Amino acid sequence: MKRSLPATLLLGLSGLFLLLLIGMPFWWVVTGSFKLPQEIIARVPTMVPHSFTLQHFAKLLSGSDYPVYMINSLLVAGISTAITLVLSVPAAYAFFRLAFPGREALYRIILLAYAFPSIVVLIPLFGMFARIGLIDTLAALVIINVTFALPFSIWMLRSFFASVPKEIEEAALMDGAPPTVILRRIMIPLIAPGIASVGIFAFISAWTEYVFASVLILSDAKRTVPVGFSGIIGQYQIDWGLLLSGASLAVLPVVILFALVGRWFVSGLTEGAVK
Amino acid sequence: MKKRILGLLAGASMLMPLSAFAAPVEITLWHMEQPPHRVARIQEIIDAFNTAHPDIVVKQEPQNWGEVYAKAPAALSAGAGPDMLFAIPDFTPILKNIGALTSVADFVAELDKKHDFVDSTVQSYSYDGGVWAVPLYNMAMSLWYRKSVLDGAGLKVPETWADWKAAAEKLSVDGTYGIGVPANKQLYTDQTIYSVMVNGGATEIYNEDGTLRFNNPQTVAALDYYAQLQKLSPPDSTSWTWGEAEACFVSKSCGMIMQFSVISSYDTQGGGDPADLGVAPIPHADGEKDHNTIAYANAVMLLSKDEAKRKASEEFIRYLLEPETYGKFLNMEPGLFMPVTADGAKAESFWGDPMATKYKAQIEQIIANSQNGRLFGFTSGRTFPSIAAISAQNVIAETLQSIVVGGKSAADAVAGGQDRMVEVSK
């Protein structure tokens, strides 16, 4: 069916409006990080920079602990993502394929962990972590991030497993493949887009986590970007250049991750799997 | 006998290295001065102290005001808290109530004898028969303006509320706002409203018996007046914190603002002409005579129960308040942090800083304004534990919001504000 010209025009304009709505703040933040301080706070905001400077990035990278925060965040988010994937893939497959008592009840209960607001468990967790010496360690953040990302990841991946045609698994079973081989050699390659989605979800959750990182970490050298960055921009006197340059750099890892993993989304791995 | 002597000598030789090289006392300082240049300045002072005191090692762990209210009690109860922790008056009752503090009255008296504290700074921490923190630096709200802007409009520096509103109206031309006052449910708004309240006779929010007296005609008049000023402010002022107000002034979008200091931003982004930067006391109500303001005496609490660590903490604070060191400490943010001691206010280390020299007139005015500084809930010895909740939940700012956003009358809003204070105090 061919769309009429007014409908196409309306669709295009709506798309452009949404693009501007979402894109303009990013544009303003990124271009602002290259402006001179006077231009950043100018009475009439400039969408296209009239000045160019790298002073904010230089100050951020050489005059603050921002690079340390970045490394900590990359470590925490990377390790959290890896552990989440290693645990959630077999767990989701077990919930999808294996028959064991209480499977359905357990499947629903695990999501309860995701339903709790983090602030509710913050103080009890602090006490527990203090007793086992995990306060002020990146390991504490990894444990928290995995704990909160795992339930939703299992739910997501079980749906991906369910979307794989049953005939593929049956063919493998007839050839005598045990469940672990089916999972490793057949199912994981087929649900790669799902694993990529869960990986991105786990990475972004860990990358942006603030509440636990702000309380469980005590020393500056262990801070992650969200917490460390909120401190260096100041309270009574905000350094707007530092704020914009830090925000621009903070989105870089996520953008790079999307650029790398994004290809997995379009690969359409199940295409042609069943002939 | 010979064996015994040899044994003693052997024992002594084993003990000697232990006593000769006893491990230094390690103490941790938590503060909320997180911007990198402030952390660097505090580290310079710590390094100098550690070098001069080989038996003590101080280390700093900067924290964030946003989290420290929850983090400090949790850390202390888990045994992971600091030995020294910076504070503002409404933070101290929280730690006092969980038994984390012991009075430092004797130590403050010793320091007062030597350096002469500004009385109001000690009063903010004096209640329930003790002094709960050692004042370190002061911040007082002032009215900031550009002399050229007032002169250009044929205006004098406003003295009274009537002058102030007239000036704000006259300066509201050509897309600029005569004044920028916040109306966010946030601490900055609490501070600016109280700065107006204390200039309209609404200083006390408690009666002597601890009951609330927020709902009174002076408070209603102050909030009503503030709401009128807010109408002359930028429309986004309902979400402002300190930084947005400062940017509004420095970019010449706002003719006047109330702020602790704009010196640093004005110098780097606003032209930096000290002759054009004006600072004045907050105008008072037409029936009042004196100018008052809100002042935050920042202080340090001593938390360690260990005698050696406590003594080491005291030694560090003594060092910090010595005039040779104190100015360096205050100038971690030039023009923002004011001295709380008489000898600190004259210290060469304070006035010798290039920024302090350049903006000497403005800094002298801020110090003068701070002499009449008050803080809601910490006046006339009327300090009650509920002030921590009232302050933490920004009830004063919430009351203003119900006028400027909710459309209530000032009288209804203030009555509702008092009810809310009672509610959060339970």
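Every number in this text was worked out from the coordinates using simple rules, so none of it is lab data. Quantities reported herein were computed from a predicted structural model and do not represent experimental measurements. Note that we place each Cβ from the backbone using ideal geometry, even for glycine, and neighbour counts take in every protein chain shown.
See the values below:
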read-out	value
Whole-percent pair-distance distribution, where bins are 10 Å wide, for the alpha carbons of chain B	4, 21, 29, 24, 13, 4, 2, 2, 1, 0, 0
Neighbour-count order for A:SER4, A:SER214, B:SER402, fewest beta carbons within 10 angstrom listed first	A:SER4, B:SER402, A:SER214
Mean-position separation - Cα centroids, the range B:215-232 and the range B:268-313, in angstrom	24
³J(HN,Hα), Karplus 6.51/-1.76/1.60, whole Hz, each residue of the range B:41-47, x for Gly, Pro	5, 5, 5, 4, 5, 4, 4
Positive-end extreme of charge dipole, chain B - chosen from B:PHE384, B:PRO93, B:VAL149 (charges on Cβ)	B:PRO93
Of the DSSP H helices in chain A, those whose Cα atoms cover at least 30 Å axially and whose Kyte score averages 0.0 or more	A:5-32, A:66-97, A:138-162, A:240-265
Packing-based exposure ordering (other Cβ within 10 Å, fewest first) of B:ASP224, B:ASP236	B:ASP236, B:ASP224
Using alpha-carbon coordinates, inclination of helix B:395-404 to the longest axis of chain B, degrees	20
The protein assembly as shown - mean residue ellipticity at 222 nm from DSSP helices (-39,500 (n - 2.57) per run, n ≥ 4, rounded to 500)	-17500 deg cm²/dmol
Residues with amide H under 5 Å from that of B:TRP240, placed H, sequence gap 5 or more	B:ALA183, B:ASN184
Inter-chain shielding of B:241-247 (mean C-beta neighbours from other protein chains, 10 Å cut-off)	5
Order of A:THR31, B:THR211 - criterion: other Cβ atoms within 10 Å of each residue's Cβ, fewest first	B:THR211, A:THR31
Rounded Å value of the spacing that divides the Cα centres of the range A:214-245 and the range A:130-167	27
Folded to 0 to 90 degrees: helix B:217-231 orientation relative to chain B principal axis, Cα	80
Centre separation in Å (Cα based) which lies between the range B:37-85 and the range A:101-126	35
